[in-house]
Every structure is written in C-alpha cells, then in structure tokens.
Amino acid sequence: MSYFAHETAVIDEGCQIGPGTKIWHFSHVMPNCKIGERCNLGQNVVVSSNVTLGVNVKVQNNVSIYTGVECEDDVFLGPSMVFTNITNPRSAIIRRDQYAKTLVRKGASIGANATIICGNNIGKFALIGAGAVVTKDVPDYALLVGNPAKQIGWVSEYGHRLQFNDEDTAVCIESGATYAISGKKVIKTNG
C-alpha cells in the first residue's frame, strides 16, 4: 500500500488512491472513487462513489464529498464545508439518477462551513470565504463571501487580495506575479 489509512478508516474495494495520500480517523472512502497523489483527508471525511480528487487535495475534518463532485489539483476544502448533489431533495423521492455535477478547479479554496449548491462550478484559484453559500458559478480568481455568496474582489494564486491600478493590473504581494482584469475576468500575465 503506497498510501496511509488510519486503522479506523473504511476503504471500500474498487477505489484508486494515489501514493503519499493520508486518510485519517473515521473517514470512509466509497467504491469507484479516484483520489490523487499526496492528498490529505482529515477526520470524519466521506468520499462518495465516483468522486474524483486530483493531486494534493486537502480535505479538512467533517467534509462529505458527494457523488457528482470533482476537485482538480491543489484544492483546499475547509473544515465542515458542505457540497450538495440534489437541488430539490425529498426523503420519499429517490433521485440518485439526478445528481448534479460540481467542478472545483485547480487551486481553489473553500472556507470552513461554506456550502456549495450543486451544479455550480468554482473557478481556478477562487477563494470562498468561511460560511459563504455559493448559488452560482464562480469565476477564476474570484473572492466570494456571504449568504448568498457575493463577489467582493479578486485574489492571486497565493490567496492575497488583488488591488488593481488604473491600468487594470495588479501584483501579488507575496509572489510578485502580475494579473490583469478585463471585463469580468482576471488572468495571470506573468510569474
């Protein structure tokens, strides 16, 4: 075995788990999911069937990643954040064939206790604040907070808020990378 699983973790047959991944106390990894290299699943994490996690995905305690969710590389899922996979759940109505898809793009971070309503995609390097409720697609590099979540700015790949000048460019205070804003999009221009 090229990954670590705590003795209390349950790993169902048919999973693909990359080398260097760690799965901690009381977590459950269900059949047919794919977990990349060097991921970390905290305590009490559930990874449902057919979920895909990329390389170096960090899943904090008490997160359930339901069928229909895909996380690309370097995604951070904060403690107790929530994904949904049905928009109109009912206890008496079975809708397993109606799971909506949610894609969390490379480098995105979702804060503690945030909720991502299914069918909404999170852009590359976006930052979702703690407790936010995301009800629509999130652009690359966007910073969202609140309920319902509203965009209040843009962040760099290092997670720092970008301050754009009169030429619609900004510099990350940590990496020195530059970004340009055009309409409703931000792109990294160097670094």
Q: Determine whether I35 is buried (at least 20 other Cβ atoms within 10 Å of the Cβ) and on the phi < 0 side of the Ramachandran plot.
A: yes
Q. In the stretch 81-127, which residue that is among the β-branched types (V, I, T) and closer than 15 Å to K58 by Cα is surrounded by the fewest Cβ atoms within 10 Å (Cβ to Cβ)?
A. V82
Q: Could you tell me which residue of the stretch 63-98 is farthest from the chain's Cα centre (by Cα), considering only residues that are among the β-branched types (V, I, T) and either more than 24 Å from D140 (Cβ to Cβ) or modelled with pLDDT under 95 (or both)?
A: I93
Q) Do you know which residues across the stretch 128-142 are among the hydrophobic types (A, V, I, L, M, F, W, C) and crowded, with 18+ Cβ neighbours inside 10 Å? A) I128, A132, V134, V138, A142
Q: Using the structure shown, decide if V51 is crowded, with 19+ Cβ neighbours inside 10 Å and either touching a Gly at 6+ places or on another chain (Cβ under 6 Å) or over 30 Å from G183 (Cβ atoms) (or both).
A: yes
Q | Search result, residues across the stretch 165-186 that are in contact (Cβ under 8 Å) with a residue 12 or more places away in the chain and not small (G, A, S) | A | D168, T169, C172, I173, E174, T178, Y179, I181, K184, K185, V186
Q.
Looking at the stretch 145-164 only, could you name the residues that are free of Cβ contacts under 8 Å to residues at least 40 places away in the same chain and among the charged types (D, E, K, R)?
A. K150, R161
Q: Please specify each residue of the stretch 10-43 satisfying the condition of being among the acidic types (D, E) and within 17 Å of G54 (Cβ to Cβ).
A: E37
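The values are calculated or read from the model by the stated rules, or taken from the named source; none is laboratory data. The structure presented is a predicted model; accordingly, all values stated were derived computationally and were not measured. With ideal geometry, Cβ positions are generated from the backbone for all residues, glycine too; neighbour counts draw on all protein chains shown.
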